[in-house]
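What follows is a single structure, written as structure tokens, with notes after it.
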Amino acid sequence: MNADKIISQFQQRFTGAPTIVRSPGRINLIGEHTDYNYGLVLPAAIDKEIILLLAANGTNSCNVYSCDMQEQATFSLDDLTRSPHNWANYIIGVVHQLLDHGCQVQGFDCVFGGDIPIGAGLSSSAALECGIGFGLNELWDLGLNKLQIVRFAQQAESDFVGVNCGIMDQFANMHGKFGQIIQLDCRSLEYRNVEVDFTGHYLLLLNTNVKHQLGNSEYNIRRMECEAGVKKLQEAFPQIHSLRDCSLGMLDPLDELNDPVIRQRCEYVIEENQRVVKGCEDLKSGDFEAFGEKMYACHEGLSHKYQVSCKELDVLVDLTRDMPQVLGARMMGGGFGGCTINLIKESSVQELITHIGQGYTQATGREMVPYQVKIAEGTSLKECSIAN
Ligand code: GLA
């Protein structure tokens with residue numbers, strides 16, 4: 001991502017030598033909707049990122065300019081309320097968390113922009129939250145560690161944006177390592193950066209270019225459905241804390257709820273955790289065929305049992321099924337739009353994109369946008385020379 005335009009916007013609006021931060025988007029290989037169920041995920045930071053420039057301004061106000069939206073939001077540290085600019089709430093939410101935890105944040109100016117497509121399920125929101133958290137930590141020497149920034153960012157999303165999200169996106173953003181995926185246990189927060197040799201294979205994202213409105217509300221509903229399932233199961237198995245502690249064989253008490261949907265949701269989560277464990281082994285041993293099958297199985301589960309897919313995502317996955325160079329495909333992230341992630345054998349990628357793109361337009365009347373992504377480093381300072 002070329003930072004020049006963002007630097008020049010900063011120089012036009014503000015003064016001072018800024019701290020410069022790069023904050024990436026993320027993919028998730030497998031393990032969807034498992035994070036808030038204290039399960040397992042396999043995400044990675046990618047080479048699409050937001051760049052943020054931050055400088056102290058000696059006041060009690062914060063001025064933030066979004067290059068992509070071409071809008072500026074100003075808020076006072078004495079009165080942090082929701083902004084009419086939706087994007088600004090991710091930032092205000094993090095600042096609120098920092099102040100709430102006694103961090104000495106003072107007024108700052110910030111300009112940010114980047115190439116993470118918004119609403120595509122690549123966690124541009126986590127990139128913004130973590131980028132701000134990381135940047136303010138540097139700017140004011142707050143002494144926060146990565147996990148504290150992750151937690152503040154996650155909390156900001158649920159308090160100021162209203163999505164009661166899990167920890168995966170923010171964790172991947174902060175803990176990504178170049179060329180390595182993150183094997184994260186969302187119960188213990190133990191993680192490992194795992195080197196996977198993708199030689200001969202590509203990770204291709206295909207953007208449906210839709211983001212259905214019900215996404216956020218349905219996300220929160222799925223979380224409540226899983227919690228309702230756990231509550232019922234605890235009557236029979238008082239030792240369990242989450243679906244992570246359950247096996248498929250333990251789900252019969254759910255039938256007493258007379259709500260088959262809850263059982264389906266719980267089944268999906270338990271099966272998905274199993275897929276992550278096995279899928280991780282597949283990747284480590286280079287068995288991409290076996291991993292690809294799990295991606296398709298994951299999509300089936302998300303589409304039918306968890307019901308967070310949509311027509312456009314299903315079309316994109318279905319179009320790959322008879323293509324031998326596609327080993328696996330599935331919707332990625334919260335669902336109801338955004339991207340599919342596809343594991344493909346090195347071949348004529350362009351031909352494949354054209355074929356799927358045409359099929360997609362025929363079926364939906366929409367344009368599909370492809371991104372070939374590489375696994376990148378998590379949020380970090382960016383070395384840039386700034387001309388005076
Ligand atoms: C969104 C949330 C994550 C996670 C995924 C689904 O990206 O922010 O916490 O729950 O959906 O796996």
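What do you reckon, is residue 261 in contact (Cβ under 8 Å) with a residue 60 or more places away in the chain and more than 21 Å from residue 182 (Cα to Cα)?
No; evaluated as a whole, the condition is false for this residue.
Is it true that residue 319 is more than 16 Å from the ligand (Cβ to nearest atom), within 29 Å of residue 353 (Cβ to Cβ) and open to solvent by 20 Å² or more (accessible area, probe 1.4 Å)?
Against the criterion (more than 16 Å from the ligand (Cβ to nearest atom), within 29 Å of residue 353 (Cβ to Cβ) and open to solvent by 20 Å² or more (accessible area, probe 1.4 Å)), residue 319 qualifies.
Select from region 184-197 the residues that are touching a residue at least 40 places away in the same chain (Cβ under 8 Å) and away from the ligand (no atom under 15 Å from the Cβ) and write down the one among them that is surrounded by the most Cβ atoms within 10 Å (Cβ to Cβ).
196
On the given criteria, is residue 132 in a helix (DSSP H, G or I), crowded, with 24+ Cβ neighbours inside 10 Å, β-branched (Val, Ile, Thr) and away from the ligand (no atom under 16 Å from the Cβ)?
So residue 132 fits the description; yes.
From 162, 215, 176, 249, grab the single residue that is at positive phi and not charged (D, E, K, R).
It is 162.
Those residues that are over 14 Å from residue 208 (Cα atoms) and part of a loop (DSSP other than H, G, I, E, B), I need them from region 310-339; list them, please.
Residues satisfying the conditions are 321, 322, 323, 324, 325.
Can you say whether residue 244 is closer than 19 Å to residue 42 by Cα, in a strand (DSSP E or B) and open to solvent by 40 Å² or more (accessible area, probe 1.4 Å), as far as the supplied structure shows? Even if it seems obvious, please write down each step before you answer.
On the way: closer than 19 Å to residue 42 by Cα: yes; in a strand (DSSP E or B): no; open to solvent by 40 Å² or more (accessible area, probe 1.4 Å): yes.
Against the criterion (closer than 19 Å to residue 42 by Cα, in a strand (DSSP E or B) and open to solvent by 40 Å² or more (accessible area, probe 1.4 Å)), residue 244 does not qualify.
Tell me, yes or no, whether region 365-374 has at least one residue that is more than 20 Å from residue 311 (Cα to Cα), part of a loop (DSSP other than H, G, I, E, B) and open to solvent by less than 50 Å² (accessible area, probe 1.4 Å).
Yes, that holds for at least one residue.
Consider only pairs whose beta carbons are under 6 Å apart and that are at least six residues apart or on different chains; among these, list those whose first residue lies in region 332-344 and is assigned by TED's automatic domain parsing to the domain that holds residue 43 and whose second residue is away from the ligand (no atom under 11 Å from the Cβ) and assigned to a loop (DSSP other than H, G, I, E, B).
Going by the 6 Å Cβ cut-off, there are no qualifying pairs.
Surrounded by 19 or more Cβ atoms within 10 Å (Cβ to Cβ) and assigned by TED's automatic domain parsing to the domain that holds residue 234: is that true of residue 249 in this structure?
So residue 249 fails the test.
Any residue that is at pLDDT 95 or above, farther than 20 Å from residue 211 by Cβ and basic (Lys, Arg) - is there at least one of those in region 131-147? I'd like the intermediate steps shown before the answer.
Taking region 131-147 first, the residues at pLDDT 95 or above are 131-147.
Filter once more, so that each one left must be farther than 20 Å from residue 211 by Cβ: 131-147.
Next cut, basic (Lys, Arg) only: 146.
Looking for residues that are at pLDDT 95 or above, farther than 20 Å from residue 211 by Cβ and basic (Lys, Arg), one finds at least one in region 131-147, hence yes.
Go through region 322-341 and give me each residue that's more than 16 Å from the ligand (Cβ to nearest atom), under 25 Å from residue 264 (Cα atoms) and not hydrophobic (A, V, I, L, M, F, W, C).
The answer is 328, and nothing else.
Hey, among the residues in region 154-183 that are without any contact (Cβ under 8 Å) to a residue 60 or more places away in the chain and either under 17 Å from residue 98 (Cα atoms) or open to solvent by less than 10 Å² (accessible area, probe 1.4 Å) (or both), which one's farthest from the ligand (Cβ to nearest atom)?
158
In region 1-67, which strands (runs of 3 or more DSSP E) lie fully inside it and hold 3 or more residues that are of a type outside the set (A, V, I, L, M), without any contact (Cβ under 8 Å) to a residue 60 or more places away in the chain and open to solvent by 10 Å² or more (accessible area, probe 1.4 Å)?
The qualifying strands (runs of 3 or more DSSP E) are 61-66.
The values are calculated or read from the model by the stated rules, or taken from the named source; none is laboratory data. Please read all numbers here as calculations on a predicted model, not as lab measurements. Positions of Cβ are generated from backbone atoms using ideal geometry, with glycine treated the same way; all protein chains shown enter the neighbour counts. Accessible surface areas use protein heavy atoms only, side chains included; no ligands, DNA or RNA. Shrake-Rupley method; radii C 1.70, N 1.55, O 1.52, S 1.80 Å.
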